[in-house]
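Following: one structure in structure tokens, then a few remarks.
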Amino acid sequence: MKNIVVLVSGGGTNLQALLDAEGRGEMPHVDLTLVVSNNEKAYALKRAQEAGVEGVFIKNDGDFETRLTELLAERGIDMIILAGFMRILSADFIKDFEGRIINIHPSLIPSFCGKGFYGLRVHEAALARGVKLTGATVHIVTAEADAGPILMQKAVEVLEGDTPEILQKRVMREAEWVMLPRAAELLAAQL
Ligand code: GRF
């Protein structure tokens, strides 16, 4: 079993999907022991607390990575899941966890990804381009944003009348929440 931290910044619905999957026994190689947020107000911290998982807020300043590195070493963390974590990690930090950090991105990479494509912007861009299929991708994190090896993808239909908000919800429900626990288990079982 791998000792895993989830890094979050916001609502934490993907974190919830992970906690629920663990509760159902669907991730036998995953032990979610720690949640770290760079946003004190993140609802994700509440979700962690409710699930009985340690939640830690680390101030989003220049010392963030130093503090995170110390905490992860203290807790003996093996693998990192980025689930709506709104901060780019440095190449140095990533090197220490090479091949052991995954991220979920709400599009089919290489479409609508990289710098500036986050949150609703991704879905706005998909609608503006008129794609009929979008989806989500879980990839290994490397120094270049959204450019690491792809671990898993799931397609989702774009429907007539979709707004960015409606599409975002569908992508979360049909792709992100289903796939992230599966991808976490897949990688944890390989490490
Ligand atoms: C998700 O759409 C995820 O793909 C993206 O940020 C959003 C986070 O949502 N990276 P939540 O905090 O998990 O609800």
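Just so it is clear, none of the values below were taken in a lab; they were calculated from the coordinates. Everything quoted here is computed from the prediction, not taken from an experiment. Every residue, glycine among them, receives a Cβ derived from its backbone with ideal geometry; neighbour counts consider all protein chains shown.
When only DSSP loop residues count, what trypsin sites (Lys or Arg not before Pro) in segment 1-93 have their Cβ near at most 16 other Cβ atoms within 10 Å? Mind dumping the intermediate values first?
Numbers: sites: LYS2, ARG24, LYS41, LYS46, ARG47, LYS59, ARG67, ARG75, ARG87; in loops: ARG24, LYS41, LYS59, ARG87.
When the trypsin sites (Lys or Arg not before Pro) of segment 1-93 are filtered for loop state and at most 16 Cβ neighbours within 10 Å, ARG24, LYS41, LYS59, ARG87 remain.
Using mean Cβ contacts within 10 Å as the protection proxy, how do 5-17, 146-158 order, highest first?
5-17, 146-158
GLY148's amide H: which non-local residues (gap 5+, or another chain) put their own amide H closer than 5 Å, with H modeled 1.01 Å from N in plane and none for Pro or chain starts?
Answer set, sorted by chain and number: THR142.
Give the Kirkwood hydrodynamic radius (Å, one decimal) of segment 75-191, defined as one over the mean of 1/r across all pairs of different Cα atoms.
Numbers: mean 1/r = 0.0687 Å⁻¹.
About 14.6 Å for segment 75-191.
Build a GNM of the chain with springs between Cα atoms under 10 Å: which of PHE112, PHE93, PHE85 gets the top mean-square fluctuation?
Ranking PHE112, PHE93, PHE85 by mean-square fluctuation puts PHE93 first.
Under a 5 Å amide H to amide H cut-off, with H placed in plane at 1.01 Å, what residues pair with SER107 once short-range neighbours are removed?
Those qualifying (amide H under 5 Å, at least 5 residues apart or on another chain) are THR137.
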